[in-house]
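Written out below as structure tokens is the structure these notes cover.
The values are calculated or read from the model by the stated rules, or taken from the named source; none is laboratory data. From a predicted model like this one, the values you see are computed outputs, not experimental measurements. In this analysis, Cβ positions are derived from the backbone assuming ideal geometry, glycine residues included, and neighbour counts consider all displayed protein chains. Just so you know, the surface numbers come from the protein's heavy atoms only, side chains and all, with ligands and any DNA or RNA stripped out. Shrake-Rupley method; radii C 1.70, N 1.55, O 1.52, S 1.80 Å.
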Amino acid sequence: LAPGASSTSEKGKRTAANNPTAVNYAMEAKSKVTPAKYNYGWVVAMAGFFMHLCLGTLYCWGTLTPYITSYLRQYDPTVTYADSIIVFLMTPLAQFVAMPLGGYIEGKIGPRLCALLGCWIMSGGVFLAAYTTSITGLLMTYCSLFGFGMGIGYMSPIACGMRWLPKSKGAVSGIVITGFGLGGALFNIIGAAICNPHNLSGDPYFGAEVADKVPKMFMVLGTMYAVITSAAALLLRNPTKEEIIALAAARAQEADAEAAKEPLIASDAKKVKDATPLEVVASPIGWLLFAMLLLGTCAGVLVISTYKTYAVSSGYSDATLTIIGAIALGFNGGGRFLYGWLCDNLGYIRALKICFCVQTVLSLFFLSSVDNPYFYTAMVCLMVMNYGGNFSMFPTVTAEIFGTKNVSANYGLIFSGFAAAGISLKIGLMYFSYQHVIYLCTLVTGLAGVGAFVLECSETKTKNI
């Protein structure tokens, strides 16, 4: 098998290596322990899905920016879309700063309280944005508080779910992160219905009839986020020792004889240990994953944040572009589930190769697709789908390579590549035309694909030692 492509036997070994606690408890499952009738991990995954529906409203920016920017122009007529995009591009930086802290907090107070803390900060940031009238104010609320809260709570349901389902990391990550993609699709429609119920056209900015509704939109959305995320976060909890033993017994019953024995061998668990964040920083593989996430998300970040403003000049109506955005964010969620499934069934190396190769080809045709609304819709949807796949693959890859114990903090470090992508795009748009930046994104996405081959070679070398 190619590296990253896992047989059932290899999955058992990898689970044993990355989850020594489960291995030790699994040894106890040899005794007459009543197997668990169901795995609460699926409840955790679904709770994470609904929690991420609200965290994923980061992606509403592409649809809401015409309304928000028009509102800001009432106080400063010099504000343009090129100025306001900084709010979207800097939000992942706030998320990156908070994610390692979120991992630490989650380890101290548990996933439930950590998720509640993060979600309340995020919701509060959106609500307080209603009282701002400048880009600086939005950077402090809709950017900083939103991103910081999102970073605190982001990994809690994923890490918690992986503890319940150590052999289904890709599925857990895929289900939870699918919510992150679909949330934008849902709340895009709600935001547009509040601000522009009569489908007025902006040329390219809206008048007071639309712009004046922006504060109300922030208040409604902030309140909805707080209610939904709080209900979901309350369902999160780590498995007890007794539950881990019962779950291990259930897995041993379901597996074939060879695969059932391998996770119970304690000596296998000693071959790989859970890495600390400092060890990830010192690892060349950690830096490789950082670079791959940076390069691999550039095209998607650009498209998802500018698809609407780019197409306005070609005669697309606001309602049409809102629908395109909703469909695309549906694909965003679907891509997260798809690539999580591919990680579990084909291996993460193959999943990474597929994602980056397809995205490189799509990027080449994005600019010309705007001349045909059907082609443009397809291109936006497919590029956003592949972009979303990164956020189910990389938590899975991080857990597989560096273990599950510190996955929240470790993935927070890898995730900084996404924050760097936003900063890089902002700098690129300052010095190059939009068209040139798209072509640069095509190039760097191809380089991310090269990174997948480098990762494969490094794993082959490790296995041969």
Any residue at all in the range 51-72 that is open to solvent by 60 Å² or more (accessible area, probe 1.4 Å), at pLDDT 85 or above and among the aromatic types (Phe, Trp, Tyr)? no
Evaluate the range 415-438: report whether one residue or more is in contact with a Gly (Cβ under 9 Å, 6 or more places away or on another chain), among the hydrophobic types (A, V, I, L, M, F, W, C) and either open to solvent by 40 Å² or more (accessible area, probe 1.4 Å) or not in a helix (DSSP H, G or I) (or both). no
Taking the range 189-229 and the residues there that are among the polar types (S, T, N, Q) and at pLDDT below 85, the one that is most open to solvent (accessible area, probe 1.4 Å) would be SER201
Please verify whether LEU443 is more than 17 Å from the chain's Cα centre (by Cα) and either part of a helix (DSSP H, G or I) or among the small types (Gly, Ala, Ser) (or both), treating the condition exactly as stated. yes
Taking the condition buried (at least 24 other Cβ atoms within 10 Å of the Cβ), under 26 Å from SER317 (Cβ atoms) and within 13 Å of the chain's Cα centre (by Cα), does MET385 pass? yes
Would you say TYR81 is aromatic (Phe, Trp, Tyr), over 20 Å from ILE190 (Cα atoms) and modelled with pLDDT of 85 or more? yes
Inspect the range 244-264 for any residue being modelled with pLDDT of 80 or more, over 24 Å from ASN39 (Cβ atoms) and not in a loop (DSSP other than H, G, I, E, B) and give the result as yes or no. no
Residue that is at pLDDT 95 or above and within 28 Å of TYR38 (Cα to Cα), where the choices are LEU182, LEU165, LEU128, LEU116: LEU116
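Conditions (1) assigned to a loop (DSSP other than H, G, I, E, B); (2) touching a Leu at 6+ places or on another chain (Cβ under 8 Å); (3) hydrophobic (A, V, I, L, M, F, W, C); (4) farther than 14 Å from ILE68 by Cα, marked per residue:
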{"position": "THR141", "(1), (2), (3), (4)": "no, yes, no, no"}
{"position": "ILE158", "(1), (2), (3), (4)": "no, no, yes, yes"}
{"position": "PRO166", "(1), (2), (3), (4)": "yes, no, no, yes"}
{"position": "GLY170", "(1), (2), (3), (4)": "no, yes, no, yes"}
{"position": "ILE177", "(1), (2), (3), (4)": "no, no, yes, yes"}
{"position": "PHE180", "(1), (2), (3), (4)": "no, yes, yes, yes"}
{"position": "GLY184", "(1), (2), (3), (4)": "no, yes, no, yes"}
{"position": "ASN188", "(1), (2), (3), (4)": "no, yes, no, no"}
{"position": "PRO204", "(1), (2), (3), (4)": "yes, no, no, no"}
